[in-house]
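Input: a single structure, listed below in structure tokens.
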Amino acid sequence: QLQLKINRNGCDQNKKPNSVPECHEEDDRGEERDQSEDERSSDEGFMARTPLLQAHHAMEKMEEFVHKMWEGRWRVIPHDVLPDWLKDNDFLLHGHRPPMPSFRACFKSIFRIHTETGNIWTHLLGCLFFLCLGLMYMFRPNMSFVAPLQEKVVIGMFFLGAILCLSFSWLFHTVYCHSEGVSRIFSKLDYSGIAFLIMGSFVPWLYYSFYCSPQPCFIYLIIVCVLGLAAITVSQCDFFATPQYRAVRAGVFVGLGLSGVVPTLHFVISEGLIKATTIGQMGWLFLMATLYITGACLYAARIPERFFPGKCDIWFHSHQLFHILVVAGAFVHFHGVSNLQEFRYTAGGGCTEDGML
């Protein structure tokens with residue numbers, strides 16, 4: 001009689017020694033499935049009972065958002081849904097870029113239409129213009145200058161200030177929607193660039209206006225540099241970039257520019273009004289100051305969008321007009337300085353007794 005030995009699970013043990021009972025395999029697989037299901041259900045229950053699940057979903061949404069930003073799939077949004085650090089001008093109601101934590105998306109937005117399009121392109125094109133103009137001027141033949149090295153250095157200071165100002169400006173308006181930290185850093189560069197432009201503009205004008213009076217020229221240059229560095233230092237404070245200090249920002253840089261009133265009066269008194277307006281190119285200097293101050297006033301008062309809320313969101317709002325007037329003022333100043341340089345070349349290197357420059 002064949003006796004079958006059945007284990008407690010009902011498995012036939014009358015098998016070959018090296019074989020594995022089938023029922024054991026099935027039971028093991030069943031136990032593994034049960035265990036994995038229990039672990040999965042416990043994990044899901046644990047995640048559902050903790051805020052970690054919400055954080056996980058938030059991270060997934062952020063990754064998806066960043067991916068979309070990289071691909072450029074975003075839409076402009078109204079002012080009232082912007083985060084606080086992106087709210088600067090509440091008279092621009094629509095057409096704002098959303099926060100885009102991707103530099104690639106920020107630079108691709110240059111070719112999209114939004115509130116910053118005009119701000120970017122006015123100073124980007126202005127930067128390229130002054131870069132080309134500066135290179136052409138620096139490579140002029142030395143025979144066109146009385147003192148080629150000195151004159152190219154002082155005029156190069158103007159071009160350096162203009163290029164830095166316009167470069168920092170269009171970069172700020174391109175990437176300031178990246179994040180609050182990036183916006184803060186580039187806003188400080190933007191304000192510093194304005195101070196560099198003002199200081200650089202003083203250098204060639206003082207050099208040629210006081211060509212035969214090096215001592216007052218040197219004193220005025222030191223004063224302008226000290227005031228410019230003070231403006232740069234103040235602009236590094238975080239509160240300086242807030243909308244509440246818009247008028248203060250305009251006042252600081254207008255005040256820095258108006259510091260040129262003292263050397264201007266000095267020149268007029270010493271040389272006379274006629275020579276100041278003809279040889280000294282005071283007419284061009286006055287026009288440059290008018291353009292700069294007008295732009296700063298429009299910026300501070302937020303005109304014209306203050307009177308037409310929502311009508312100047314994309315084009316012709318105050319910041320764009322300010323940018324255009326800055327580029328125009330810089331070019332006017334360059335024209336006046338070029339005339340001063342031409343007169344110095346015509347007059348030669350000596351200083352006469354009749355009070356010429």
Quick check on residue 178: is it in a loop (DSSP other than H, G, I, E, B) and in the same structural domain as residue 320 (by TED's automatic domain parsing)?
yes
Filter pass, residue 216 being in contact with a His (Cβ under 9 Å, 6 or more places away or on another chain) and modelled with pLDDT under 95
yes
Can we say residue 217 is within 17 Å of the chain's Cα centre (by Cα) and more than 22 Å from residue 163 (Cα to Cα)?
no
Scope segment 261-286; condition surrounded by 17 or more Cβ atoms within 10 Å (Cβ to Cβ) and part of a helix (DSSP H, G or I); matching residues
263, 264, 267, 271, 275, 276, 282, 284, 285
Some residue of segment 212-224 being surrounded by fewer than 22 Cβ atoms within 10 Å (Cβ to Cβ), out of contact with any Cys (no Cβ under 7 Å at 6 or more places or on another chain), small (Gly, Ala, Ser) and in a loop (DSSP other than H, G, I, E, B)
yes
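The values are calculated or read from the model by the stated rules, or taken from the named source; none is laboratory data. Just so we're clear, the structure is a prediction, and the values are computed from it rather than from any experiment. Please note: Cβ atoms are built from the backbone with ideal geometry, for glycine as well, and neighbour counts cover all protein chains shown.
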